1. Could you tell me whether segment 150-214 comes out rounded, prolate or oblate from its Cα gyration tensor? Rule is a ≥ b ≥ c as square roots of the eigenvalues, rounded for a/c under 1.5, then prolate if a/b exceeds b/c, otherwise oblate.
2. Angle, helix 134-158 long axis vs. longest principal axis of the chain, Cα atoms, 0 to 90°, nearest 10?
3. With axes computed from alpha carbons, what is the tilt in degrees of helix 46-76 against the longest principal axis of the chain, rounded to the nearest 10 within 0 to 90?
4. GNM on the chain, C-alpha springs below 10 Å: top fluctuator among Arg32, Arg49, Arg171?
5. Mind telling me which of Leu37, Leu156, Leu199 comes out most flexible in a GNM of the chain, alpha-carbon contacts under 10 Å?
6. Among Asp175, Asp109, Asp163, which one shows the highest mean-square fluctuation when the chain is modelled as a Gaussian network with alpha-carbon springs under 10 Å?
7. Classify segment 97-168: rounded, prolate or oblate, from the alpha-carbon gyration tensor (a ≥ b ≥ c, eigenvalue square roots; a/c under 1.5 rounded; otherwise prolate if a/b is larger than b/c)?
8. Sticking with the crude label model, points 7 Å out along Cα→Cβ, report the distance from Thr198 to Arg110 in nm, one decimal please.
Amino acid sequence: MDTLRQLSPLDRLLDSAQNALMTVCGQPRAQRENPGLTEPDPALNAAERQHAAGLMRINHVGEVCAQALYIGQAAVARDPATRAHLLEAAQEETDHLAWCADRLRELNDRPSLFNPLWYAGSFAIGVAAGLRGDGWNLGFVVETERQVEAHLAEHLETLPEADTRSRAILRVMKDDEVRHADNAQAAGARTLPPPIPTLMAGASKVMKAVAYRL
């Protein structure tokens, strides 16, 4: 994702398509070291392993959605500074995506079967938000990150106590999401009208219920 040169509409389309393929079908590379590697791989019983995998699959889907949302918003962002902000956040979400995928493999589990659907829906929402203007663009970032922060806090409470490796990953993710929201707020985010956060939360509940199992 090149933020240093002016991209044509075709460049942005191809860039978005490449990101979609890498996110859904490829193995994105993290630029930062996986924070879970500093923790021992815990001995979990079958039920604990299944629960941890379900939670990490939800988090993986969340990162697929965040990646799609930010890339969709960046594709139509009018202000180069806003676009650069979105792409920077997307890169850190790529780290999260890779870390969650690593942990799922360690738990002998897989990502959601519906990742192409989650990506497509989130990309469409991102484009729609971006077309409303950069203030709304950043407002979606703030609301998305606040909701992700809340569910990460919930997962930190409900993970098996022994699973310090998953917990280390989620702690860093949570800190990053807080920073993304704060940065977007400082950059001029507009507050979304009341129906939108409620709809976003409802869609998130459906996604989490499905992704936990599938």
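1. oblate
2. 10
3. Between helix and principal axis, roughly 10 degrees.
4. Arg32
5. In this elastic network of the chain, the residue with the biggest mean-square fluctuation among Leu37, Leu156, Leu199 is Leu199.
6. Looking only at Asp175, Asp109, Asp163, the largest GNM fluctuation is found for Asp175.
7. oblate
8. Rounded to a tenth, the inter-label distance reads 3.8 nm.
FYI, it's all coordinate maths here, none of it is from the lab. It should be emphasised that the depicted structure is a prediction, and the values quoted were computed from it without experimental measurement. A quick note on method: Cβ atoms are made from the backbone with ideal geometry, for glycine too, and the neighbour counts reach across all protein chains shown.
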